[in-house]
Amino acid sequence: MPRTLAIAAFGLMLVFGRGTLIANAAQVGGTLSGNAGHQLHFENRATRDIYMAVTDRNGAFAVDLPPGIYDLRGQRGTIFVPRILVADQAINLGAVSKPTGFNPMRLFQYEGVAPVLVYTPAPATAYLPGGAEGITAILPSAPVTGAFSQKGGAGGTPITPSAGNPTPPPASSQLTPVPGGAPPR
């Protein structure tokens, strides 16, 4: 018993003794030279999550990022600024420019949408008719009949509703005892 209390007290000290750790987002901003409406992608190097920012007419951009290490990429994936360490403080990257000159690594940094590899037809639900008729245009018009149908009774004849509710089953006023008594729990 005293050992259990000591472990519980130690656990409470660990939880409440250090205070609450909060990971706030920090604002990262700057100015991309010469581009208005350009998409910039901040890619988290650990999780590969991407946060997008769009430059305004002056080329300025800003985005709130959770703590981590990010690469600032252009629209096609070229890395403009590598390894941006984001913590709790705001970061101003200043003037950011596109990389110029010949850099063989840029060939490996490009990102984009690949051409289609699989050519399969669309699912059957893609060809449902639209408009006012909707799905009823492809349903059979004659009702399905049989021994019992969803439309009625035997042979498809309509069921006439009975007057009032059906009689409830008789209520039991006695509980049936369990043979040998109740099982132990």
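Here, each number is a calculation from the coordinates, and none is a lab measurement. Quick caveat, the model's predicted, so the values are computed rather than measured. FYI the Cβ positions are ideal-geometry reconstructions off the backbone, even for glycines, and counts take in every protein chain you see.
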For this session: Could you pull out every residue, at least 5 positions away or on a different chain, whose amide H is within less than 5 Å of the one on Ala26? Hs are placed 1.01 Å off N in the peptide plane, and Pro or chain starts have none.
Result: Leu65
Exercise. Which cross-chain or sequence-distant (5 or more) residues have an amide H under 5 Å from the amide H of Ala60, H modelled 1.01 Å from N in plane?
Worked result: Leu32
Exercise. With point charges of +1 on the Cβ of Lys and Arg and -1 on the Cβ of Asp and Glu, referenced to the Cα centre of region 26-109, which listed residue (Ala90, Tyr51, Leu40) lies farthest in the positive direction of the dipole?
Worked result: Leu40
Problem set entry | Long-range amide H partners of Asp49 with built H, under 5 Å | Asn44
Seminar exercise, completed: Subtracting the Cα-Cα distance of Arg83 and Phe108 from 0.36 nm times their residue separation yields 7.3 nm
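How big is the dipole moment of region 26-109 about its Cα centre under a simple scheme where the beta carbon of each Lys and Arg is +1, that of each Asp and Glu is -1, and everything else is neutral? Debye, nearest 20, please.
Details: 8 positive and 6 negative charges, 75 e Å.
Here region 26-109 has a charge dipole of around 360 debye.
With a sphere of radius 9 Å drawn around the Cβ of Arg83, what net charge do the other residues whose Cβ falls strictly inside it have (Lys, Arg +1; Asp, Glu -1)? Intermediate results must be reported in sequence, preceding the final value.
Working: positive: Arg45; negative: Asp71.
Result for the local shell: 0.
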